[in-house]
Amino acid sequence: MIDRASVIAVLDTVIDPKSGQGLMASGMVQGLVVDQGRAGFVLEVAAQDAPLYAPVRDEAEAKLKALEGMDRVSVILTAEAVAKPARRTASLSTAAVEQTKPKAPVPTERPAHVKRVLAVASGKGGVGKSTVSVNLAAALAKRGLSVGILDADVYGPSMPTMMGISGKPDYVDGAIVPLEAHGLKAMSVGLLTKGTDAMVWRGPMASQAINQMLSQTRWGTAEQPLDVLVVDLPPGTGDVQLTLIQKTPLDGVVIVSTPQEVALSDARRAHTLFEKVGVPTLGLIENMSGDIFGRGGAKAEAEKLGVPYLGDLPLDASVREGGDAGTPVVVAVPFGDIASRFDAIAESLAKTLNS
C-alpha cells in the first residue's frame, strides 16, 4: 500500500537542480496529496526556470509511477506566463490559485437573482451524489423551473462529463456566463482547469474557488431570476461545506447515501453538521438500492433522524450510461422507472422549497 513516507522518500531521490537537494528537502514540493494509490503535487517555479524544471517534473512523475501499487500520478509544473487570448474567458481568480499565500474569502450574500439554493451532500464519496445532483436538477427543470447547477466538488469535478459540456465559459460585463445543457445552467471548476489537472489545493484555495463561482456567475437576471440553484458538494464535512454555509444562505440540504451502515454513519455526520448551523435537512435519498448494497437503510436512518425520506434509486446501468454519455438518465429516458423516481423526489422538494 502506498503511504506518504514512501512517496516522500522517492521524491527526495529527485534532485533540485538549483539547490542540489532532494525535491522534498528543498521545499519545492507544494500541496502533496497521497491517497489510495494516487499521488500529486505542484512544482512552483519562476517563468524563466520552467525549461530547467520540466525534466525534473518528468523524473518525479516516472519514479512515483514505478512505485508498487501506484495507480495515478499528477505532477503539475506552474510558472508565470503572459497570454493574450482571442476572447476573454473566465478563469480562477489570483487568490484561488495562489497556493502559498491564500487570502480569506470575501463574505457574500445569496447569489444575485437566485431565489432558492439547495445543497446536495453526502458524508462519504462513492455513493453517487453527483449523479443524483445532476438528475435531480434536470427533474426540477422538467417541472418548468429555471434551474442552475454548481459543481462545488472542487477536488473531483465530474459535472462536465455528466452533462457533456466543455470549454471555458465567457466572462462578460464582470460576470461568468454559465454554460447551458439539458435545460440547466452549469458551472464547474472543471471548466476553468485542464481535465488532467489534479486539484491539489489547500482549504482556503478551495473556499476561494467556491466563493468565486457562487458570487461571480450570472445565474439569473432581475427579469428572469433563477428559481433553484442546486449545489453538488464534495463528500465529507470540511472546508467547502463550511464555506458554502458561511457565505450563502441555504434553503436546505438533501443527503445522499447508499443503504449500508458504512455509508449511513457518514450521512449521519453530514446531517449533524447542517443541523448545527441551522440548515434544514430536506430529506435522505437512498442510492444504489438493491441486492448488492442492500435496501431500506436510508429509510430507517431518516426515521431515526426525524427527517423526510425522499425515496430510493436502484442500482441501474442506465444511470451510469447516461452519466458517461453526458446526458442525464432523466433526459435520456424521460419516461423510464429511474426518471419517474427522480420526478417524484423533485416534486416533493419543489413543494417544500416553495412552502
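Say a paramagnetic label sat at a point 7 Å from the Cα of VAL262, along Cα to Cβ; which residues of region 270-293 have their backbone N under 19 Å from it?
270, 286-293, by backbone N distance to the label point.
So if each residue of separation counts as 0.36 nm, and I subtract the Cα-Cα distance between ILE15 and LYS299, what length gain in nm does that give?
96.7 nm
Only loop residues by DSSP count here, and only those with at most 12 other Cβ atoms within 10 Å; note down the trypsin sites (Lys or Arg not before Pro) in region 270-322 that meet that.
In loop regions of region 270-322 (DSSP not H, G, I, E or B), there are no sparsely surrounded trypsin sites (Lys or Arg not before Pro).
Quick one: if you stick a label point 7 Å off each Cα along the C-beta vector at SER348 and GLN224, how many nm between them?
Rounded to a tenth, the inter-label distance reads 3.2 nm.
Within the set LYS115/LYS304; LYS115/LYS299; LYS247/LYS351; LYS65/LYS168, which residue pairs have Cα atoms separated by over 27 Å?
Too far apart for the 27 Å limit: LYS115/LYS304; LYS115/LYS299; LYS65/LYS168.
From the P(r) of region 115-193, can you give the percent of Cα pairs sitting at distances over 18 Å?
Considering region 115-193, 41 percent of its Cα-Cα pairs are separated by more than 18 Å.
Could you calculate the contour length gain from GLU321 to ALA5, that is, 0.36 nm times the residue separation minus the distance between their Cα atoms, to one decimal place in nm?
109.9 nm
Cross-link candidates for LYS185: which aspartates and glutamates have Cα within less than 14 Å, leaving aside residues fewer than 8 places away along the same chain?
ASP151, ASP170, ASP227, ASP232
Determine the order of ILE245, ILE285 by accessible area, beginning with the largest, at a probe radius of 1.4 Å.
So the residues, ranked largest to smallest area, are ILE245, ILE285.
Using the scaling law 2.2 N^0.38 Å as the reference, what is the normalised Cα Rg of region 228-337?
So the Cα radius of gyration is 1.13 times the expected 2.2 N^0.38 Å.
Checking the cross-link filter: which aspartates and glutamates have an alpha carbon closer than 20 Å to that of LYS63, excluding same-chain neighbours under 8 positions apart?
Within the straight-line cut-off, LYS63 pairs with ASP3, ASP12, ASP16, ASP35, GLU44, ASP71, ASP197.
The values are calculated or read from the model by the stated rules, or taken from the named source; none is laboratory data. For clarity, every value in this text was computed on a predicted model and none was experimentally measured. So basically every Cβ, Gly included, is an ideal-geometry build from the backbone, and we count neighbours across all protein chains shown. Only protein heavy atoms, including side chains, enter the accessible area calculation; ligands, DNA and RNA are left aside. Shrake-Rupley method; radii C 1.70, N 1.55, O 1.52, S 1.80 Å.
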